[in-house]
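Colleague: Sharing a structure here in structure tokens format.
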There are 2 protein chains.
Amino acid sequence: MRIDPALPLYLGIDGGGTRCRARLTDAQGHILGEGVGGPANIRLGPAVAWAGILAATDAALAAAGLDRSALPRLRAGFGLAGIVAPADSDPLLTTVPVGFGAIAVASDAHTACLGAAGGADGAILIAGTGSQGYAIIQGRGHAIGGYGLTLSDQGSGAWIGREAVRMALLAHDGLTPASPLTAAVLTRLDAGPGRGPVAVVDWSAKATPGDYGALAPLVLDLAGQGDGVAAAILRQAARDLAAMVARLCALGAPGVSLMGGLAGPLRPWLPESAQAALVAPRGDALDGALRLARPLPAC
Amino acid sequence: MRIDPALPLYLGIDGGGTRCRARLTDAQGHILGEGVGGPANIRLGPAVAWAGILAATDAALAAAGLDRSALPRLRAGFGLAGIVAPADSDPLLTTVPVGFGAIAVASDAHTACLGAAGGADGAILIAGTGSQGYAIIQGRGHAIGGYGLTLSDQGSGAWIGREAVRMALLAHDGLTPASPLTAAVLTRLDAGPGRGPVAVVDWSAKATPGDYGALAPLVLDLAGQGDGVAAAILRQAARDLAAMVARLCALGAPGVSLMGGLAGPLRPWLPESAQAALVAPRGDALDGALRLARPLPAC
């Protein structure tokens, strides 16, 4: 494919905490190349973020038979994890290491929502290790939740896993009934009969949200086998997610795209009203990042 | 008062995370002197713990007109914060820096319970920054809860404060109703109108259980003024504490002594059945530590 050197190119970036993806298109939206780089969460610092973004960009350019000499023609949209306030992108934009044509930066939730709603009013609800709702109504973004496991992230994989550990400790102390789930959690955390909850306390001192989230499949499995404790945890998670769906609709979203690793398994647990509000996403986060780049001025 | 140099002396130690207290008595239980030293939580390491214990001991000896030459006559009981398993006292007992006559070590919960129950079967429920229940039944200790704020400590000051922050964020996002409490929490954490919850997230990244617990008086105040969100938080805290009271009684405790900074303010929120199980403590944690020392063999 011949790429006219006189025409602008568009670059979409989806930068997360474990990797960064890039997609390069022409002005008509035809995909010219894609690439992957290292993490680009802005909380890791601008140097790390730029390394991830440029690695993904170089790979996407190479896939299109191009190199960095094309950068001045690139209008780039970056959706980056860790952006909460607009000023969070300042360290990145004051240390641009190469000559992009133009750059627009938003949170990864904003670009994911732009992509899912295809540029129209719409909303997403992410249920992965963490949880967050995001709506774009008349061009304006509204985030709900996603403040981290200590205070928020209800309905997420990490929340489900932490509840499982909490219920296991309550059952160990005889404060609530034991179940196959509470026994399995204690065994998994090496706190079986005889050892007591000391092992759980030691484990929790270093446990990350990802470590808690890794227990969510166990809860899902046992809830499917009729475990009452597991089912109660999932019912609460589903109630919390349903409340977020209702709020996103109240903000004006005509529908909500449920995303993330828990979207599939938790969907059947949602009340009917929440399920009725769910819509399939029209595009992915890279489509959204490309939409962010589209209105940028010509270079 | 003349102290017979042929008779044994008894030393009780209550070592916490902020200070260590000591009480010296004769064989009849007459108090000869008391003293205070620095922190002696075993998690701070044996060197720190010994420094706190010896400073408190020196002060108690000096108050009795004695010095370290009396140490070989001392039968000492240490109740120390941070002891969860018996082996936790090993680093302390293998680094004894001076010649005590005899030493027995237990958790601070065990000595507090020994003191409150006067050496008989009984139980305590601590509701301070954290929460923990402890029963001694036929000489054997049973701990429930107290595994830290992330997974446990229900009904504590830190739990109440964290719930207040959580409800403030939910209200900010329009997921639950706002109230004077949710507004006051956002103002206090510098997340008032315009700033959004970013300030809360920044604050929470460094917040200790003590920081959360510092919000509990605000919840108590506003609940007293009829704030529905504050009252709901306290009702849940009281339900959780009542469940612990019921469990301690089921273990065989004839009564439960409610202790800690939240004991007074939360008592009226407890259901009638839990209030009926409460008994006044017969002695304090130093009395309990002295009881721990009493059966020690003669030097």
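The values are calculated or read from the model by the stated rules, or taken from the named source; none is laboratory data. Nothing here was measured: the structure is a model prediction, and the numbers come from that model. Glycine also receives a Cβ, built like all others from the backbone with ideal geometry; neighbour counts cover every protein chain displayed. Heavy atoms of the whole protein, side chains included, go into the accessibility calculation; ligands, DNA and RNA do not. Shrake-Rupley method; radii C 1.70, N 1.55, O 1.52, S 1.80 Å.
Colleague: Please go through the stretch A:174-198 and give me each residue that is within 14 Å of chain B (Cβ to nearest Cβ), of a type outside the set (A, V, I, L, M, F, W, C) and either crowded, with 22+ Cβ neighbours inside 10 Å or in contact (Cβ under 8 Å) with a residue 40 or more places away in the chain (or both), ordered by number.
Modeller: A:T176, A:P177, A:T182, A:P197
Colleague: Limited to the stretch B:259-291, what total is found for residues that are assigned to a loop (DSSP other than H, G, I, E, B) and either within 15 Å of B:A237 (Cα to Cα) or not charged (D, E, K, R) (or both)?
Modeller: 10
Colleague: Given (1) within 11 Å of chain B (Cβ to nearest Cβ); (2) open to solvent by less than 10 Å² (accessible area, probe 1.4 Å), where does A:G157 come up short, assuming only one miss?
Modeller: The single condition A:G157 does not satisfy is (1).
Colleague: Working carefully through the options B:A120, B:A112, B:A135, find the one that is at pLDDT 95 or above and either in contact with a His (Cβ under 6 Å, 6 or more places away or on another chain) or basic (K, R) (or both).
Modeller: On inspection, the qualifying residue turns out to be B:A135.
Colleague: When you go through (1) more than 14 Å from A:S131 (Cα to Cα); (2) in contact with a strand residue (DSSP E or B) (Cβ under 8 Å, 6 or more places away or on another chain) one by one for A:L248, which number turns out not to apply?
Modeller: Of everything listed in (1) more than 14 Å from A:S131 (Cα to Cα); (2) in contact with a strand residue (DSSP E or B) (Cβ under 8 Å, 6 or more places away or on another chain), A:L248 misses just condition (1).
Colleague: While we're here: Within the stretch B:275-299, which residues are touching a Leu at 6+ places or on another chain (Cβ under 7 Å) and closer than 20 Å to B:S156 by Cβ?
Modeller: Answer for the stretch B:275-299, where residues must be touching a Leu at 6+ places or on another chain (Cβ under 7 Å) and closer than 20 Å to B:S156 by Cβ: just B:L278.
Colleague: Quick one: which residue in B:V219, B:V201, B:V165 is within 29 Å of the chain's Cα centre (by Cα) and modelled with pLDDT under 95?
Modeller: After applying the criteria, what remains is B:V201.
Colleague: List every residue pair whose Cβ atoms sit under 9 Å apart, with the two residues 6 or more apart in sequence or on different chains, where the first one lies in the stretch A:135-148 and is more than 11 Å from every other protein chain (Cβ to nearest Cβ) and the second, anywhere, is among the aromatic types (F, W, Y) and crowded, with 16+ Cβ neighbours inside 10 Å.
Modeller: If the second residue must be among the aromatic types (F, W, Y) and crowded, with 16+ Cβ neighbours inside 10 Å, the pairs left are A:G141/A:Y134.
Colleague: Restricting to the stretch A:75-87, what's the tally of residues that are at pLDDT below 95 and over 11 Å from A:N41 (Cα atoms)?
Modeller: 4
Here's the yes/no breakdown for (1) surrounded by 20 or more Cβ atoms within 10 Å (Cβ to Cβ); (2) aliphatic (A, V, I, L, M); (3) away from chain B (no Cβ under 14 Å):
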site	(1), (2), (3)
A:A205	no, yes, no
A:R235	no, no, yes
A:R247	yes, no, no
A:G261	no, no, yes
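Colleague: Which of the strands (runs of 3 or more DSSP E) found entirely inside the stretch B:17-133 contain at least 3 residues meeting this: open to solvent by 10 Å² or more (accessible area, probe 1.4 Å) and among the small types (G, A, S)? Please lay out each step first, then the result.
Modeller: Working: elements: B:20-25, B:31-37, B:74-80, B:102-107, B:122-127.
By residue number, B:102-107.
Colleague: Here's another thing I want to ask about it. Going by what's in this entry, would A:A56 be described as out of contact with any Lys or Arg (no Cβ under 9 Å at 6 or more places or on another chain), on the phi < 0 side of the Ramachandran plot and assigned by TED's automatic domain parsing to the domain that holds A:L32?
Modeller: So A:A56 does not fit the description; no.
Colleague: If you don't mind, another one. Name the residues in the stretch A:134-145 that are surrounded by fewer than 23 Cβ atoms within 10 Å (Cβ to Cβ) and not charged (D, E, K, R), would you?
Modeller: A:I137, A:Q138, A:G139, A:G141, A:H142, A:A143
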